[in-house]
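Visitor: Handing you a structure now.
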Amino acid sequence: MTTLSLSTSKPSDLKVDALVVGVAKGAKGVVLAPGAEDVDKAFKGKLASTVTALGALGKAGEVTKVPSLGATNAAVVLAVGLGDEQAVGRGRRAAPSYEPETLRRAAGAATRALAGTRKVGLALPAAGAAAVRAVAEGALLGGYAYHRYRVASKDAHKPPVESLTLSNPEARARDVRAAVAHAQALSDAVNLCRDLVNTPPLDLPPAELAAAAVAAAKEAGLKVEVLDEKALKKGGYGGILGVGQGSSRPPRLVKLTYTASKATRHLALVGKGITFDSGGLSLKPSASMEWMKADMGGAGAVIAAMTAIARIKPAVNVTGWAPLAENMPSGSAQRPSDVLRIYGGKTVEVLNTDAEGRLILADAIARASEDRPDLIVDVATLTGAQLVALGNRTAAIMANDDAVRERVFDASKRAGEQMWPMPLPDELRASMDSEVADIANMGDKYGGMLVAGLFLREFVGEGLRWVHLDIAGPAFNEGSAHGYTPKGGTGAGVRTLVQLAEDLADGSL
């Protein structure tokens, strides 16, 4: 696990193996970003020209390595691009300033490029606690790799950076130290979610994912409860049981509880946990199954977010729900046209067994509603239609309250996650009318993401605010790594869920 510390030492004096500075596209070529002054002095004022001579343009995410040749304690200086130079203020007092997400992505790109390096110093723009937190988050998130199953190929894959040192003159300030602690808690949680998503489904059936949740909860000081198949049957969780009945590995429901002293508000988080999705009897094509180990990304996000919340300690009570099942075809699997009785009594006709995530979420949302929380947020790799609508990097936000949907959108931007608000058109609800049950699990084939959201809305308690996050695309990166985002599991949703807990605690949500 990559760690980060603060230091008031000059960057050139840090005892590290590599130093990271920022560069940008100025009006007349590459310019150095704030934080690089000391390193430039060590290079006798020629750092920008040296980087330019090596082909750097200052483009966002671009990395250029420069041998220090003894100019600094570090053997290598890595210049990472920040994009167009930004400035605030007027006249002589104007100083370059960069958005938090720009800093996150640059720091992440630099840390990824330095894989195999033990100690790295950071001299990026970080004036104030907000910028420090952004740089720390990006660097820590970029310092991730999943090598659990590397054996013969282990030496061919460089380990992530071991430790990071952020040089900052305000390193002793309380708010700056708090910002780094927050970044470490958040990045540890995101990386936990990444680990869970990347784990092969053979090794992470519902019972094992529940055990991982228990271990993480106990370490974080959370209260945890797990319902096995017998308890689920006794409790009437027909959706979870129906989806899981085709697998030899039975389902689970995990409940995680964080209680803050004197808190008056309550947040419920619900995460879809399909540990592998074959589609059931409505079998997926082979190619569509290749990344279905990620279909528990919502549950992973909730479990991980709860650990970060326990460390950050916002003044709000939070309950996390993770319904877990494996969706497999077999002689015991549920069939199209079967009818399930969801927790609370509402019945669902199953028209397509590959629309299973909404069935387990329905149970958990209905149960979470019983506690009358101030807000319910579910997060799920729910529909392929989400990728069609928004691509593989932008999650969808749906809600039964327009104002809360916009506030969640704002929270996602502050958290640094790409999301976009989407509607829940009431006219699509009729397409899920069933001839035999209260509702069907499929409706209009157009707007499938919205239809799924409307289905979930049916199980939200009367008068409760509810938000649905569809993270089907962003939860798993099948393309190249970028910024602080690795290939494979990304940890999508974790940062937004934590931000929502903090917003509810301070009364802004």
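None of the figures in this text is laboratory data; all of them are computed from the coordinates on show. All of these numbers come straight from a predicted model, not from anything done at the bench. Glycine also receives a Cβ, built like all others from the backbone with ideal geometry; neighbour counts cover every protein chain displayed.
Visitor: If R₀ is 51 angstrom, what is the calculated FRET efficiency for the pair Lys15 and Glu225, using the beta carbon separation as r and rounding to 0.05?
Guide: Given R0 = 51 Å and the Cβ-Cβ separation, E is 0.60.
Visitor: Roughly speaking, what is the stretch gain from Ala287 to Ala263, that is 0.36 nm per residue apart minus the C-alpha to C-alpha distance, in nm to one decimal?
Guide: 3.9 nm
Visitor: How far is helix 129-142 tilted, in degrees, relative to the longest principal axis of the Cα atoms in the chain, given as a value from 0 to 90 rounded to the nearest 10?
Guide: The answer is roughly 70 degrees.
Visitor: Oh, and also: Determine the distance separating the Cα centre of segment 245-285 from the Cα centre of segment 135-166; give it in Å without decimals.
Guide: Going from one Cα centre to the other spans 29 Å.
Visitor: R0 = 25 Å: FRET efficiency of Lys28 with Ala53, Cβ-based, nearest 0.05?
Guide: Efficiency at R0 = 25 Å is approximately 0.95.
Visitor: Holding the Cα-Cα limit at 27 Å, pick out from Lys230/Lys262; Lys15/Lys65; Lys230/Lys445; Lys10/Lys65; Lys119/Lys313 the pairs that are longer than that.
Guide: Correct reply: Lys230/Lys262; Lys230/Lys445; Lys119/Lys313.
Visitor: So how tilted is helix 494-505 from the main axis of the chain? Cα-based, degrees 0 to 90, rounded to 10.
Guide: Orientation of helix 494-505: about 80 degrees from the principal axis.
Visitor: How many nm is it between the label spots at Gln86 and Val151, if each spot is 7 Å from the Cα in line with the beta carbon?
Guide: Label-label distance for Gln86 and Val151, simple model: 4.8 nm.
Visitor: How large is log10 I(q)/I(0) at q = 0.10, 0.18, 0.21 Å⁻¹ when the Debye formula is applied to the Cα atoms of segment 328-458, each weighted equally and without solvent?
Guide: So the normalised log intensities work out to -0.34, -1.07, -1.36.
Visitor: Here is a further query. What is the sum of charges around Met1, taking Lys and Arg as +1, Asp and Glu as -1, for the other residues whose C-beta is under 11 Å from the C-beta of Met1?
Guide: So the surrounding residues net to -3.
Visitor: Hey, another quick one. May I ask for the net charge around Ala385, where only other residues with Cβ less than 14 Å from the Cβ of Ala385 are counted and Lys, Arg are +1 while Asp, Glu are -1?
Guide: Combined, the nearby Lys, Arg, Asp and Glu give -1.
Visitor: Suppose the chain between Lys233 and Val388 were pulled fully straight at 0.36 nm per residue; how much longer would it get relative to their current alpha carbon spacing?
Guide: Here the segment from Lys233 to Val388 would lengthen by 52.2 nm.
Visitor: Straight-line reach only, C-alpha to C-alpha below 16 angstrom: list the lysines that Lys25 could link to, leaving out same-chain residues fewer than 8 apart.
Guide: Qualifying lysines at Cα under 16 Å: Lys59.
Visitor: Less than 13 Å from a label point 7 Å out along the Cα-to-Cβ axis of Ala127: which backbone N atoms in segment 1-40 qualify, by residue?
Guide: Answer for this model: 33-37.
Visitor: How much length is gained if the chain between Arg118 and Ala211 is pulled fully straight, taking 0.36 nm per residue apart and subtracting their Cα-Cα distance, in nm to one decimal?
Guide: Net length gain for the segment: 30.3 nm.
Visitor: Same structure, new question: For Thr8 and Glu162, what is the calculated FRET efficiency with R₀ set at 25 Å and r taken between the beta-carbons, to the nearest 0.05?
Guide: 0.70
Visitor: What is the Cα coordinate range of segment 3-167 on the first, second and third principal axes, sorted by size from largest, in whole angstrom?
Guide: Each principal axis gives a Cα extent; for segment 3-167 these are 58, 33, 30 Å.
Visitor: Here's another thing I want to ask about it. Angle, helix 174-198 long axis vs. longest principal axis of the chain, Cα atoms, 0 to 90°, nearest 10?
Guide: The answer is roughly 50 degrees.
Visitor: Still on this model: May I ask you to list the trypsin sites (Lys or Arg not before Pro) in segment 111-143 that are in a DSSP loop and have at most 12 other Cβ atoms within 10 Å of their Cβ?
Guide: In loop regions of segment 111-143 (DSSP not H, G, I, E or B), the sparsely surrounded trypsin sites (Lys or Arg not before Pro) are Arg118.
Visitor: Quick check: convex hull over the Cα atoms of the chain, volume per residue in Å³, rounded to an integer?
Guide: Enclosed volume per residue, from the Cα hull, is 156 Å³.
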